[in-house]
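Remarks on the structure that follows.
The values are calculated or read from the model by the stated rules, or taken from the named source; none is laboratory data. Source: prediction; values computed, not measured. When we count neighbours, we look across all protein chains shown, and the Cβ atoms used for this are built from the backbone with ideal geometry, even at glycine. In case anyone asks, the SASA skips ligands and DNA or RNA and just uses the protein heavy atoms, side chains included. Shrake-Rupley method; radii C 1.70, N 1.55, O 1.52, S 1.80 Å.
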Amino acid sequence: MKDVADASLGRLRERTAASAAETTGAPAGDAALNEIDTALHHRLRPLVVRVTGRTGVGKSAIAAVLESVRLDADGLDVRVAESNGTDGSESDGDVLVHVIAGPVSPVDSTFLKSRSGRTPDGTVVVLTKADTLDDPVAAAAAASEQLGRTVLPVMGATAAGLRGTGRSGTPLVMADVRAVAETRVASADLLTWDRFRAADIAVSTRRREALIDCIELRGLALAVDVLRQRPAASDEDVLRVLADASGADALIDAASAAVSAAAANRDAEMHRSLRQIAARHRRVRDAVESYLASDEAVAVEMRCAAIFFGATIETGSEQHSWEQAALWKQRAVVATNSEVRRSALALCRGHVRMLRR
């Protein structure tokens, strides 16, 4: 998808340069060409996912989890950056992942309200250090109600450790987890580091420290509990339970959706800029309109519209495409909002274009 889009944008650049040269003889200094270069540069620059929050809330673990996966950005490079505090340094972030580690503070509320009203919102809120809370799900639900947006409970350090990106940077040694589970260590011995270190088990202090660095005491206690209840459980079974409890999948899904929406918003902004450039500069109008009528541009506008409506683009039979085209055309006809009408027409055009392939 990225190669196709890059090639299409490259052809746009070449055609506008040729059009400017035919008219002015000096394409390098042409205002229209410079404006198109600016629009393309803005579209292709890396997307920034900025992890914010007050000092000590666990931002580094969340950033490590996000850096361990490939987020869906329609082929754009994605950079994860961590900001200290909530001082407004998120301004250069396309997506914001805001981290809290307990009850929502007035600082967090004020900070997040500053993001409200943006389209797309591009904000994911995470309640990290969930392993230190008695009921992280209830705490996240309370924070969600207070903020008016979903808050995801995440065991940040455990999630990072399971992906080999934790403090130690080493993978979890399941043989040591099994060694702890097979001993007489009591559940109370897994409540604090001092008690775990003093417990009489055949696991060295260095190896115990490595376990805690990787999945922390709460993660170790959960793994031990699984193995004691299900001695025949495989390493993969235990790791799956830990991964589910860590909340990493929900975090990654939410961040990926926000990144995808930000990439689509970039496309929409570029198309708006190109239309404005074409309106101002007649000599590049044909080149711009040719690009906007291309399969790649129609697909981009269809994707932006689908995100706007929260709809899913499904490829099916010819009959399905006709039905979808008719449905969205009717939606556009009755729409009173210009953005709704424009997005519905984009979906209609997209489904019609599918019929031609």
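Annotations
- Theoretical ellipticity at 222 nm over the chain - DSSP helices of four or more residues, -39500 (n - 2.57) apiece, nearest 500: -19500 deg cm²/dmol
- Packing-based ranking, highest mean first, of 254-267, 204-217 given that Cβ atoms within 10 Å are counted: 254-267, 204-217
- For the stretch 126-178 versus the stretch 280-326, the gap between their alpha-carbon centres in whole angstrom: 40 Å
- Lys pairs under 30 Å by Cα in the chain, provided they are eight or more residues apart or on distinct chains: 4
- For the stretch 272-284, Karplus couplings with θ = phi - 60° (6.51, -1.76, 1.60), whole Hz, Gly/Pro x: 4, 5, 5, 5, 5, 5, 4, 5, 7, 10, 4, 5, 10
- Antiparallel bridges, percent of DSSP beta bridges restricted to the chain (to nearest 5): 5 percent
- Dipole magnitude for the chain: about 780 debye, using +1 per Lys or Arg Cβ and -1 per Asp or Glu Cβ, origin at the Cα centre.
- For the stretch 143-246, the solvent-accessible area with a 1.4 angstrom probe is 52 square angstrom per residue.
- Among S83, V69, A311 - extreme Cα towards positive end, dipole of the chain, charges at beta-carbon: A311
- Computed over the chain: relative contact order in percent, which uses C-alpha pairs under 8 Å that are six or more apart: 17 percent
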